[in-house]
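Novice: Below you'll find the structure I mean.
Please treat every number below as a calculation from the coordinates, not as lab data. Note that the structure is predicted; figures quoted are calculated from it, not measured. Virtual Cβ from ideal backbone geometry, glycine too; neighbours counted across all protein chains shown.
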Amino acid sequence: MKNYYFFKLLILCVFFCLFDIQKTKASDVKIILKINNEIVTNIDIENEAKYLTALNKDLNNINKSDLLKISKNSLMKEVIKKNEISKYTNIENFSNDKILNSILKNFYTNLGLQNENDLKKYLEINNLNLDDVKKKITIEILWNQLIGRLYKNEIFIDERKIRQKIDKQKLNIQNSIEYDLSEIVFEINQNQNLNSKFEEIKENISKDGFNITANKYSVSDSAKFGGKLGKINQKQLSEIIQQKLEKISINEITDPIKVGAGYLILKINDKKEIENIIDEEKLFKQLFNIEREKQFNQYSLIYFNKVKLNSTYSE
């Protein structure tokens with residue numbers, strides 16, 4: 001009998017200890033904002049900060065309040081997208097390993113890693129879980145599929161124009177330039193002036209560097225990687241972008257370039273001359289995909305702003 005009471009007392013002690021721990025943990029959790037019916041806590045934002053810092057190590061160089069602000073904005077975008085996607089599909093039922101693996105490959109390649117196992121280890125070092133990252137990627141995949149369905153009749157690529165551009169390039173057989181580029185895509189509202197917004201972004205670049213500024217200001221998905229686009233042949237770029245890049249040197253930025261509803265700033269990280277060998281069909285496919293992605297991103301931004309406007313917020 002004594003053993004029975006001792007065991008019961010032990011269970012009660014353990015229960016109250018656990019309850020006290022849970023109470024302490026709960027007191028550390030604060031609701032920061034509510035988007036539609038979804039609550040975002042300080043823990044959510046701190047986890048987003050870990051995620052963004054893992055993708056862009058330069059974020060370690062800014063103060064915590066700025067990092068949390070960037071993380072809050074990033075998470076807000078994700079929640080808005082997730083809420084909208086949920087109206088059309090069940091996110092938990094997504095199962096397209098081919099697309100997911102392709103995007104994961106881009107992920108670990110951008111981070112200088114060799115495979116998914118390296119990515120898993122890298123995330124664990126940064127206190128992140130691969131499954132959580134896959135959920136984030138799934139939201140982006142489903143969002144892109146939604147935009148594709150909604151605007152499939154709006155996206156038009158003039159194939160004849162692309163062929164004409166390739167024919168023109170064939171006449172110009174000298175070597176071409178391969179750029180290593182980063183971008184910031186930004187918007188201005190009715191109360192803002194383009195020049196003053198550009199000056200604000202330039203000041204932030206001088207203060208924090210291009211990568212961190214991309215996280216702060218860019219509305220492009222590349223913002224998560226500090227705006228990094230990677231290596232692009234000049235022949236894959238529009239004439240106006242080529243002209244802008246020709247005017248600047250390595251580590252310099254272009255003036256804002258109008259793209260759809262926003263503006264684009266490009267930075268040259270590096271450039272080199274490469275032998276000009278034209279594979280017409282390969283180049284056609286590249287130019288076709290670039291034009292399609294440009295139009296797709298414009299409609300994605302338009303639709304996101306529409307959804308954001310119709311969302312409810314409370315802080």
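Novice: What does the charge count near ARG160 come to, summing +1 for each Lys or Arg and -1 for each Asp or Glu among other residues with Cβ under 15 Å from its Cβ?
Specialist: Numbers: positive: LYS161, ARG163, LYS165, LYS168; negative: ASP158, GLU159, ASP167, GLU280, GLU291.
Once positives and negatives cancel, what remains is -1.
Novice: Which residue, LYS216, LYS267, LYS294, tops the fluctuation ranking in a GNM of the chain built on C-alpha contacts under 10 Å?
Specialist: In this elastic network of the chain, the residue with the biggest mean-square fluctuation among LYS216, LYS267, LYS294 is LYS294.
Novice: Would you please calculate the Kirkwood hydrodynamic radius of the stretch 35-150 over all C-alpha pairs and express it in Å, rounded to one decimal? Write out the running numbers ahead of the final one.
Specialist: Numbers: mean 1/r = 0.0656 Å⁻¹.
So the Kirkwood estimate lands at 15.3 Å.
Novice: I would also like to ask the following. What list of ³J(HN,Hα) values in whole Hz, one per residue of the stretch 100-117 in order, does the Karplus curve 6.51 cos²θ - 1.76 cosθ + 1.60 (θ = phi - 60°) give from phi, with Gly and Pro shown as x?
Specialist: 4, 5, 5, 6, 4, 4, 4, 4, 6, 5, 4, 8, x, 9, 8, 7, 5, 5
Novice: Still on this model: When the dipole is taken about the Cα centre of the chain, and only Lys, Arg (+1) and Asp, Glu (-1) are charged at their Cβ, what size is it in debye, to the nearest 20?
Specialist: 640
Novice: I would also like to ask the following. What percent do you get for the relative contact order of the chain when only Cα pairs under 8 Å and 6+ apart count?
Specialist: Working: 323 pairs, mean separation 67.7, N = 315.
Normalised by residue count, the contact order of the chain is 21 percent.
Novice: What is the sum of charges around SER238, taking Lys and Arg as +1, Asp and Glu as -1, for the other residues whose C-beta is under 12 Å from the C-beta of SER238? Mind showing how you got there, number by number?
Specialist: On the way: positive: LYS161, LYS165, LYS235, LYS244, LYS258, LYS294; negative: GLU239, GLU291.
Net charge around SER238: +4.
Novice: May I ask you to derive the FRET efficiency for LYS272 and GLU38 from their Cβ-Cβ distance with R0 = 41 Å, giving the value to the nearest 0.05? Mind dumping the intermediate values first?
Specialist: Values: r = 47 Å, r/R0 = 1.14.
Efficiency for this residue pair is about 0.30.
Novice: Using modelled amide H (1.01 Å from N, peptide plane; none on Pro or chain starts), what sits under 5 Å from the amide H of GLY230, excluding residues fewer than 5 places away?
Specialist: HN-HN under 5 Å from GLY230: LEU181.
Novice: Could you check the simple spin-label distance between LYS285 and ASN110, using points 7 Å along Cα→Cβ, in nm with one decimal?
Specialist: Distance between label points: 2.3 nm.
Novice: Then there's this: Quick one: net charge of LEU55's neighbours, Cβ under 12 Å, K/R +1, D/E -1? Please report the intermediate quantities before stating the final value.
Specialist: Values: positive: LYS50, LYS57, LYS136, LYS224, LYS228; negative: GLU48, ASP58, ASP221.
Net charge in that neighbourhood comes out at +2.
Novice: If you don't mind, another one. Placing +1 on the Cβ of each Lys and Arg and -1 on the Cβ of each Asp and Glu in the stretch 159-305, which of ASN297, GLN164, LEU181 has its Cα farthest towards the positive end of the resulting dipole?
Specialist: GLN164
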